[in-house]
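Below is one structure, written out as structure tokens; the observations come after it.
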Amino acid sequence: MSNKELQALKERYVAAGAASPNEQFADHATNAELWDADGKRMIDFAGGIGVLNIGHRHPKVVEAVKAQLDKLMHTCQTVMPYEGYVKLAQKLSEVAPVKGHAKVMLANSGAEALENAMKIARAATGKTNVICFDGGYHGRTFYTMAMNGKAAPYQTDFGPMPGTVFRAPYPVPYHGVSEDEALRGLKMTMKADSPANITAAIVIEPVLGEGGFYAAPASFLKEIRKICDENNILMVVDEVQSGFGRTGKMFAIEHSGIEPDLMTMAKSMADGMPISAIVGTDKHMDASGPNSLGGTYTGSPTACAAALAVFDVFKEEDILGKAQALGEKLNKRFSQWQEQFEHVDNVRNLGPMAAFELVESKSSHTPKPELAAAVTKKAKEKGLILLSCGMYGNTLRFLMPVTIEDDVLEEGLAIVEESLKEVGA
Ligand code: PMP
């Protein structure tokens, strides 16, 4: 079917709140290239929003999934467990830098991982509240939409939010929130809204994903660790977007040396198969009773097979080394653009989790989201999928596979540069 025919079906049958504004439909893809239903080629700098760190349909992952499909597709692991689930739990426990001995629970999506982390934090501490951060994003289930640091569009149409979620500022010095102010804000939240004796968890993305690719300084994360240690609060690090090599290390929190109590992860964990995980210190993970966690599809055999294959690919293809090299390349190119273009500023990266902002001027820092939207639109016309993000919508973020071929990367970056020129950046 053509894009046009599929668009007509979408308009007729897909719920408005779930329908993509994109009128191009994906047909097939490989590594960092994708072809739409009309056969138009697109370079993919979005990577399915951070899911495809090792590229579309990595052959090793496809092979592992096919082999699993020939053996076993489903049991519900609470009815009868299987090898993939426990092997993946072992693997994640070994690599996730949580405090002490780690245990694992698998789920299906990032939001589900966060939901379960909040259940575990309640069970482990006997407390109810959670403190999250401005600009944070954690999902669209009932509790996670309340945890998001931005109300619209996630909460807008859905009435009162759970009353146990509170927020503190995330340090973004470029937009006037220094690390000191953010810390003061956190302490204020704990004084005024959610004192330590009722706070079960502080949940932070070490690098804001949807919120704009701002990295929290190690010293700020250390302060959170200290507050949590002193008050029997769990430090929960949401690595759904920043994990699995996106920052040049397996997990972004490793850049700070901090050991969280719980970690949530998903996205690039299984190269597009739906799976997520909560990894945490065993005493917390074991705090709730039998059959209190899980669900019919959690950690399905095919998704586990994909995730295990992803670990092999990381090792065999030096994905972390590739990620670091890509990060350096992107930062160099963006820094040139910052010099060259009047409205390009605040170039930043942690490995290939790289971004820059479009602003009125380099002195005012006033966001220009309409310019970011114009660039992504122009890039799309030229055959490049590019994403904006951020609390102000003016950040361009780059989530291409770290396995992207050099010539495809250069072609994509040339499109970004041309688009910046043509929209008057
Ligand atoms: N946490 C973070 C940091 C995310 O970036 C996302 C998704 N963008 C989520 C949670 C929610 O994940 P999912 O969409 O798989 O529910």
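Couple of notes before you dig in:
- Of the criteria (1) in a loop (DSSP other than H, G, I, E, B); (2) at negative phi; (3) surrounded by fewer than 20 Cβ atoms within 10 Å (Cβ to Cβ), which one Gly424 fails: (2)
- For first residues located in region 162-177 and closer than 13 Å to Tyr214 by Cα, partners that are among the β-branched types (Val, Ile, Thr) and not in a helix (DSSP H, G or I) and lie 6+ apart or on another chain with Cβ distances below 8 Å form the pairs Pro169/Val177; Tyr170/Val177; Tyr170/Ile204; Pro171/Val177.
- Of the residues contained in region 189-202, none is found to be under 30 Å from Lys322 (Cα atoms), within 16 Å of the ligand (Cβ to nearest atom), modelled with pLDDT of 95 or more and buried (at least 17 other Cβ atoms within 10 Å of the Cβ).
- Number of the exception - Lys378 against (1) in a helix (DSSP H, G or I); (2) closer than 16 Å to His343 by Cα; (3) among the basic types (Lys, Arg): (2)
- Of the criteria (1) surrounded by 24 or more Cβ atoms within 10 Å (Cβ to Cβ); (2) free of Cβ contacts under 8 Å to residues at least 60 places away in the same chain, which one Gly245 fails: (2)
- Region 42-160 holds helices (runs of 4 or more DSSP H) entirely within its bounds, and those carrying 2 or more residues that are in contact (Cβ under 8 Å) with a residue 24 or more places away in the chain and in the same structural domain as Thr281 (by TED's automatic domain parsing) map to 59-69, 83-95, 110-125, 142-147.
- Unique residue being over 21 Å from Asn232 (Cα atoms), more than 9 Å from the ligand (Cβ to nearest atom) and at pLDDT 95 or above when the list is Thr141, Thr156: Thr156
- Filtered by the rule that a residue be out of contact with any Cys (no Cβ under 9 Å at 6 or more places or on another chain), under 10 Å from Pro260 (Cα atoms) and among the hydrophobic types (A, V, I, L, M, F, W, C), region 219-234 gives Leu221, Ile224, Cys228.
- On inspection, Lys127 does not qualify as surrounded by fewer than 14 Cβ atoms within 10 Å (Cβ to Cβ) and either on the phi < 0 side of the Ramachandran plot or more than 16 Å from the ligand (Cβ to nearest atom) (or both).
- Scope region 256-279; condition away from the ligand (no atom under 16 Å from the Cβ) and either over 19 Å from Tyr214 (Cα atoms) or touching a Ser or Thr at 6+ places or on another chain (Cβ under 9 Å) (or both); matching residues: Ser256, Glu259, Asp261
- Restricting attention to region 178-197, the residues that are of a type in the set (D, E, K, R) and either closer than 24 Å to Pro162 by Cβ or not assigned by TED's automatic domain parsing to the domain that holds Lys226 (or both) total 3.
- Ala37, sole failed condition from (1) touching a residue at least 60 places away in the same chain (Cβ under 8 Å); (2) surrounded by 15 or more Cβ atoms within 10 Å (Cβ to Cβ); (3) in contact with a Ser or Thr (Cβ under 8 Å, 6 or more places away or on another chain): (1)
- Boolean, Phe244 is under 21 Å from Glu115 (Cα atoms) and of a type in the set (Phe, Trp, Tyr): yes
- Just one of the listed residues (Gly55, Gly110, Gly84) is under 25 Å from Ala309 (Cα atoms) and within 16 Å of the ligand (Cβ to nearest atom), and it is Gly110.
- Scanning region 213-242 for residues that are more than 16 Å from the ligand (Cβ to nearest atom), within 25 Å of Asn53 (Cβ to Cβ) and either among the hydrophobic types (A, V, I, L, M, F, W, C) or buried (at least 24 other Cβ atoms within 10 Å of the Cβ) (or both) yields one hit, Ala218.
The values are calculated or read from the model by the stated rules, or taken from the named source; none is laboratory data. Values in this document were obtained by computation on a predicted structure and should not be read as measured data. Virtual Cβ from ideal backbone geometry, glycine too; neighbours counted across all protein chains shown.
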